[in-house]
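Take a look at the structure below.
The values are calculated or read from the model by the stated rules, or taken from the named source; none is laboratory data. Being a predicted model, the structure only gives us computed values, none of them experimental. When we count neighbours, we look across all protein chains shown, and the Cβ atoms used for this are built from the backbone with ideal geometry, even at glycine. SASA here: full protein model, heavy atoms, side chains in, ligands and nucleic acids out. Shrake-Rupley method; radii C 1.70, N 1.55, O 1.52, S 1.80 Å.
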Amino acid sequence: MIKIQGLHKSFGSLEVLKGIDYEVKPQEVICIIGASGSGKSTFLRCINLLEKVTAGAVYIEGTDITAPTSDINKIRADVGMVFQQFNLFPHMNVLDNITIAPRKIRQMTSQAAEQLAYELLEKVGLSDKAKAYPEQLSGGQMQRVAIARALAMKPKIMLFDEPTSALDPEMVKEVLDVMKQLAFEGMTMVVVTHEMGFAREVADRVIFIDNGVIAEEGSPEQIFSKPKNERTKAFLGKVL
Amino acid sequence: MRTIAILEYFDFIRFDIIWNYRELYFRGLLVTIALTAVGYTCGIILGLLFGLGKMSERKWIYYPAKWYVDFFRGTPLLVQILLIHTALIPTLFGHSLGFFVSGSIALMLNSAAYIAEIFRAGIQSLDKGQMEAARSLGMPHGVAMRQIILPQAFRRMVPPLGNELIALLKDSSLVTVIAATDILYAAKVTAGAYFRFWEPYLFAALLYLILTWVCTKVIAYVENRYSTSYIPAKRRRFFMRKHGV
């Protein structure tokens, strides 16, 4: 589904990613953990080209998206992204936030798009908020709308960039529950997270990124209970 | 009879000289309004283009836009008016096209430079996550700009654009230097005819004050409607009632 080969990314003279190889299979849930500044968010952002790749290749369903000929907008339409800061469009109500992309990009009729939006709102438990504006919602509600907005494009892959890090503790669960449900339905997901409980419970595989490389990779059981790498042990010692 | 008595008390103020030139003041008022309106409207359109130009990554678009803004913000409007009226237009057309054309072109070009900066600041002050979210949904840059960025940036631009309107309205008095028959011109004519200065210039000041006051009211209305919250005003009232805010 996603195949990453020799991925390098530098910001000026600062090398953030120092050669990452990885493969994500369909319907897998991958959790990426690591200290802040380790490059895990940059890695995620390279998968839908929000960051321009310095070297290496990212294949999505066999197409190299880093090739100059790749249709970047089409690729992104098929890869949903959820941000730490939600990034809802504040000048639109919830319904318009969800329908704008299907209408403008997938050429869906307003009627079909709205029907889809209501289905998705039902799914994230916010049917009654369709006409509300983002500033009227709590953080947890905003993030659930953001998930619905990404799902409205019917993506093949969902990327989550620390989706619960900006939330008050009591709202984390409602977002994680939606993500769990999504994982259960078979969505291919790559999640950068500090929620070790979620990673342990939901992930098929966990990646520990340290200093721009994958320091350790394995099943949640293996990473959390029997980490081999010293740096993984040190990191988990601090967060668990 | 009472009013006449009060006027007699102030008989050291010659209201009659204003009254005698009322048609000139009225014409002046219209000219000032028209010059400002044309200069401002065209300035907004041109300003948007230069503002976008200043955000371009292409050097051959960026530099001309930057030089334009630097020139028109860095030189006095009075000099620009004289340059356009006495040099630029006669060179291009062989003769003058009248004060109105020169005056509105000068005001337009000048305000465009300021509006370009307002526009650029309005867009660049938006959180970069907005563009990223739009692009991550597969929107091409143009669609993201039109649907997501500009509607938000316009709201932020309302207060500085209002300031620019008021500044331009007052600066339009500089066109008297090319014999435009605006408010200030009427005052100068009156002053010259009667050799009295308090009444004509105070009256001119009063007219400008009324115009800027009206502008302030309109801007406050627009700000209240579009700038304070993203929720449409109608829905906002409902929301406030519902939550007892």
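Computed quantities for the displayed model
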| read-out | value |
| --- | --- |
| Accessible area of region B:2-242 belonging to carbon and sulfur atoms, whole % at 1.4 Å probe | 68 |
| Cα centroid separation - region A:192-240 against region A:25-52, whole Å | 14 |
| Nearest-0.05 FRET efficiency for B:Leu97 and B:Phe26, computed from C-beta distance (R0 25 Å) | 0.55 |
| Charge dipole (debye, nearest 20) of chain A; +1 at Cβ of Lys and Arg, -1 at Cβ of Asp and Glu | 320 |
| Alpha-carbon centroids, region B:90-108 and region B:50-88: separation in whole Å | 17 |
| For chain A, with +1 on Lys and Arg beta carbons and -1 on Asp and Glu, the positive-most of A:Phe43, A:Ala57, A:Cys31 along the dipole | A:Ala57 |
| Accessible-area order (highest first, 1.4 angstrom probe) of the listed residues B:Tyr221, B:Tyr201, B:Tyr21 | B:Tyr221, B:Tyr201, B:Tyr21 |
| Relative contact order [Cα under 8 Å, 6+ residues apart], chain B, whole percent | 26 |
| Whether region A:126-240 is rounded, prolate or oblate, judged on the alpha carbon gyration tensor where a/c under 1.5 counts as rounded | prolate |
| Degrees between helix A:139-151 axis and first principal axis of chain A (Cα, 0 to 90, nearest 10) | 90 |
| At R0 = 25 Å, FRET efficiency that the Cβ-Cβ distance of A:Thr69 and A:Gln27 yields, to 0.05 | 0.30 |
| Cα-derived Rg to Rh of region A:157-196, Kirkwood definition | 0.95 |
| Total charge dipole magnitude, region B:2-242, about the Cα centre, Cβ charges on Lys, Arg, Asp, Glu only, Debye to nearest 20 | 1280 |
| Shape category assigned to region B:172-230 from the gyration tensor of Cα positions, a/c cut at 1.5 | prolate |
| Virtual spin-label span in nm between B:Ala205 and A:Ala166, 7 Å along Cα→Cβ | 5.1 |
| DSSP bridge orientation in chain A - percent antiparallel, rounded to nearest 5 | 55 |
| Mean accessible surface per residue for region B:2-242, computed with a 1.4 Å probe while every protein chain stays in place, in Å² | 55 |
| Using a Förster distance of 35 Å, the FRET efficiency for B:Leu52-B:Phe195 (Cβ separation, nearest 0.05) | 0.10 |
| P(r) of region B:2-242 over all Cα-Cα pairs, binned every 10 Å from zero, in whole percent | 7, 23, 27, 20, 13, 6, 2, 0 |
| Radius 13 Å from Cβ of A:Leu151, net charge of other residues (Lys, Arg +1; Asp, Glu -1) | +2 |
| For residues of A:184-195, the mean tally of beta carbons on other chains within 10 Å | 0 |
| Using θ = phi - 60° and Karplus 6.51 cos²θ - 1.76 cosθ + 1.60, couplings along region A:175-189 (whole Hz; Gly, Pro as x) | 6, 4, 4, 5, 5, 4, 4, 4, 4, 4, 7, x, 6, 6, 10 |
| Folded to 0 to 90 degrees: helix B:22-55 orientation relative to chain B principal axis, Cα | 20 |
| Reciprocal of mean inverse Cα separation for region A:41-122 (Kirkwood radius, Å) | 14.6 |
| Region A:1-70: GluC sites (Glu not before Pro) falling in loop per DSSP and having at most 16 other Cβ within 10 Å | A:Glu61 |
| Cα-projected label distance for B:Trp213 with A:Glu201, points at 7 Å along beta-carbon direction, nm | 6.6 |
| Percentage of interatomic Cα-Cα distances in the protein assembly as shown larger than 41 Å | 41 |
| Shielding by partners, peptide B:128-134 (average Cβ within 10 angstrom, other chains) | 6 |
| For the pair A and B, total buried accessible area rounded to nearest 100 Å², probe 1.4 Å | 2200 |
| Computed lengthening from B:Ile61 to B:Val177, 0.36 nm per intervening residue step minus Cα-Cα distance | 38.4 nm |
| Dipole of the protein assembly as shown, positive direction: furthest Cα of A:His194, A:Ile2, B:Tyr40, with charges on the beta-carbon | B:Tyr40 |
| GluC sites (Glu not before Pro) within region A:184-240, DSSP loop, no more than 11 other Cβ atoms inside 10 Å | A:Glu185 |
| Positive-end extreme of charge dipole, region A:56-120 - chosen from A:Leu95, A:Val82, A:Ala117 (charges on Cβ) | A:Leu95 |
| Cα centre as origin, Lys/Arg/Asp/Glu Cβ charges: the protein assembly as shown dipole, Debye | 680 |
| Selection of trypsin sites (Lys or Arg not before Pro), region A:1-97, meeting DSSP coil and at most 15 other Cβ within 10 Å | A:Lys52 |
| Overall form of region B:15-56 per C-alpha gyration tensor (a/c, 1.5; a/b vs b/c) | prolate |
| Alpha-carbon centroids, region B:119-133 and region B:138-201: separation in whole Å | 27 |
| Simple spin-label estimate for B:Lys128 and B:Glu223 in nanometres, 7 Å along Cα-Cβ | 3.0 |
| Contact order relative to length of chain A, as percent, for alpha carbon pairs under 8 angstrom and 6 or more apart | 27 |
| Directionally averaged projected area (convex hull, Cα atoms, region A:1-156), nm² | 10.4 |
